[in-house]
Structure formats: C-alpha cells, structure tokens
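Shown next, in structure tokens, is the structure this report addresses.
Nothing in this text is a laboratory measurement; each read-out follows from the coordinates by a stated rule. Since the model is a prediction, treat every value here as computed from it, not as a measurement. Backbone-built Cβ (ideal geometry, glycine too); neighbour counts: all protein chains shown.
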Amino acid sequence: MESKNRSNVLLIEILIAVLFFMLSATVLVRVFATARNATVRAGAETQALAQAQNVAEALYAADDPDAELERMEFIKSHGVWTRSYGEYSLYVSSEALPTDAGELWQGEIIAFYSQRDPSAARPEDEELFTLPCARYKEAQS
Amino acid sequence: MIGKRRSVQHSMQGVFVFVLLGLFALMSTLMVLLGAQMYRGTVDRSTANNEDRVLSAYVRSMVRAEDARGAVGVETYDGVTALALREHIEGTDYVTWIYHYKDQLWEQFTEADYDFDPDGGTEICPVKSFEPTLDGSLLTVRMTDEKEQACTVQVALRCAP
C-alpha cells in the first residue's frame with residue numbers, strides 16, 4: 001500500500017514537471033520566434049536603408065529626378081513612385097518648388113516592410129522609416 | 001491471482017513512469033538543440049546585417065570626409081582599380097587609396113608623389129570584389145563580401161566640378 005502511494009506521488013511529480021516543461025517550452029518557442037522575426041525585420045530595415053540612401057544620392061545627382069526614378073525601375077501610380085524589393089518596398093514622393101533664384105526639389109522616401117507572418121497583429125505593410133531628401137538647383141541666367 | 005494482477009499493475013506503473021521520464025529527457029534535449037540552433041541563426045543573421053552596414057558605411061563616410069572639388073576619383077594601376085581620395089595638407093598633396101587586393105579591402109594613405117603599391121596598405125575587411133565607377137557627380141561602388149553577397153553604394157559628390 002505504501003509502495004503504491006509512493007509510486008503515485010512520483011507519477012504526479014513527473015506529470016507536474018512535464019506540465020511545467022511544456023509551459024516553458026511554449027514560452028521559449030514564442031521568444032525564439034519573436035527574436036527571429038525581429039532579426040529578419042532588422043535585416044530588411046538595413047537593406048531598405050542602404051537602398052533608400054542610394055536612391056536619395058542618385059536623385060541628388062540627377063538632372064531629372066523623374067527620369068532617374070524610371071531608370072531605377074520605379075513605377076508611378078497616383079503621383080507616387082514605388083518599387084518592391086521583396087521584403088520591403090520604397091515609395092518616393094516629390095515636388096518641385098520654383099523660387100526666384102532657382103528650383104527647390106523636395107522628396108521623401110518611405111520604406112515599408114512587407115509582413116510575412118500571418119499571425120502578425122497588423123497584416124498590412126509596416127512603415128520602417130522616412131528619409132527626406134532635397135536639392136536646390138540654381139536657375140541658369 | 002489478485003496478488004499477480006497487483007504485481008502486473010505495479011510494474012505497468014513503473015514502466016509508465018520511466019516512459020514519461022524518458023519522454024521528458026528527450027523533449028528537453030530537443031528543446032535545447034532547437035533553441036541553440038535558433039539562437040545561432042539569429043546571431044548569424046545579426047552579424048551579416050552588421051557586416052553589410054559596416055562595409056557600405058565605411059565607403060560612404062570615407063568619401064563624405066574627403067569630398068572636395070576634384071578630390072574623388074577612380075584610377076587603375078597594374079590591373080587594380082582604386083578609389084582615390086586626394087587632399088592637401090600643409091603644402092603637401094596626399095592620397096588615400098581604397099582598393100580590392102588579395103580578397104581584402106585595403107586602405108593606403110600616402111603622399112601623392114609616391115607610386116601606388118598595393119602591398120603597402122592596411123587590410124580593412126575581407127571582400128570578393130570592389131568596383132568603383134564615377135559617372136558625372138555620382139560615385140557608384142559595387143562590392144561583394146566574403147559570403148558572395150552583393151552590395152552597392154552610391155554617393156553623390158557635393159563638391160564635384
């Protein structure tokens with residue numbers, strides 16, 4: 001009788017340990033999955049930032065920003081130039097402000113991260129950053 | 001008969017406990033292995049991100065620091081294409097060469113009068129290729145790191161003639 005009781009206590013102890021292990025495992029898997037998603041997002045952000053900087057520099061050096069964007073395979077839709085790079089997309093909006101002594105070109109490059117995790121809180125694309133760019137072009141007298 | 005049945009039941013309980021213990025040990029090991037693998041993957045990706053950023057940030061900051069009228073150029077000596085950043089310090093012309101040589105990115109700071117010697121520089125980091133081109137005021141550098149990942153850096157020269 002005493003032996004049976006001892007065996008039952010051991011069984012309950014192991015069941016509690018297994019339950020605790022399962023709970024810990026669930027938490028750990030979630031933590032690792034979040035860490036992985038964060039790293040993938042950070043990678044996309046790094047690449048998007050490098051690409052956005054390249055676009056900003058190319059636009060600064062170009063005489064015609066629209067032609068340069070077209071050359072870089074951006075597509076114009078509703079006044080905004082867009083291009084998808086897989087994990088992220090770049091949106092370029094710009095306007096030219098004529099002044100007395102020349103023209104001020106102002107642009108904004110917005111990067112969006114394409115969510116691939118269906119369980120994410122927001123299934124739509126998430127904004128990563130906005131990179132403003134400008135160029136002043138003197139009028140030729 | 002009753003004693004025999006109790007004995008069988010008792011040994012079944014013992015086996016069940018051992019199976020449960022075995023399962024626990026197996027799952028624990030799997031969990032540790034899985035966790036280690038995921039951690040390694042996360043660290044690898046993080047390191048790759050940092051390396052990408054370091055390479056492009058290095059080129060960008062070097063060009064930005066030396067951006068003066070006519071100071072940035074691309075020159076080829078003995079088959080080695082180098083990014084040449086010239087500066088004038090206390091009456092003497094100096095040049096900083098950045099180039100790919102022996103699967104490394106090298107930097108060499110020397111007086112402009114000296115001949116270019118690729119062995120005389122300092123190794124910065126491992127790269128497979130480094131191809132700078134200058135088109136008007138837009139400097140484009142195409143690089144491939146040691147993991148064959150391509151990276152392009154574009155810098156518009158503010159002081160370009």
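Taking the criterion of being more than 27 Å from the chain's Cα centre (by Cα) and not aromatic (Phe, Trp, Tyr), the residues of region B:89-116 that qualify are B:Ile89, B:Glu90, B:Gly91, B:Thr92, B:Asp93, B:Glu111, B:Ala112, B:Asp113, B:Asp115. For region A:1-19, a tally of residues being more than 10 Å from chain B (Cβ to nearest Cβ) and either assigned to a helix (DSSP H, G or I) or of a type in the set (Lys, Arg) (or both) returns 7. Applying the criterion of at least 2 residues that are under 14 Å from A:Ile110 (Cβ atoms), in contact with a Leu (Cβ under 9 Å, 6 or more places away or on another chain) and among the polar types (S, T, N, Q) to the strands (runs of 3 or more DSSP E) found wholly in region A:40-98 leaves A:80-84.
Residues of region B:117-159 that are in contact (Cβ under 8 Å) with a residue 40 or more places away in the chain and over 16 Å from B:Leu55 (Cβ atoms): B:Pro118, B:Thr133, B:Leu134, B:Leu157, B:Arg158, B:Cys159.
Taking the criterion of being charged (D, E, K, R) and within 7 Å of chain B (Cβ to nearest Cβ), would at least one residue in region A:69-76 satisfy it? Scanning region A:69-76 turns up no residue that is charged (D, E, K, R) and within 7 Å of chain B (Cβ to nearest Cβ).
Being over 13 Å from the mean Cα position of the chain (by Cα), of a type in the set (A, V, I, L, M, F, W, C) and more than 12 Å from chain A (Cβ to nearest Cβ) narrows it down to one of B:Ala68, B:Ala36, so name that one. Criteria check complete, one pass: B:Ala68. Kindly indicate whether A:Arg36 is surrounded by 15 or more Cβ atoms within 10 Å (Cβ to Cβ), more than 7 Å from every other protein chain (Cβ to nearest Cβ) and farther than 19 Å from A:Met72 by Cα. The answer is no for A:Arg36.
Per-residue answers, yes or no, for (1) under 24 Å from B:Leu30 (Cβ atoms); (2) without any contact (Cβ under 8 Å) to a residue 60 or more places away in the chain:
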| position | (1), (2) |
| --- | --- |
| A:Ala25 | yes, yes |
| A:Ala38 | yes, yes |
| A:Gln47 | no, yes |
| A:Ala52 | no, no |
| A:Ala56 | no, no |
| A:Ala62 | no, yes |
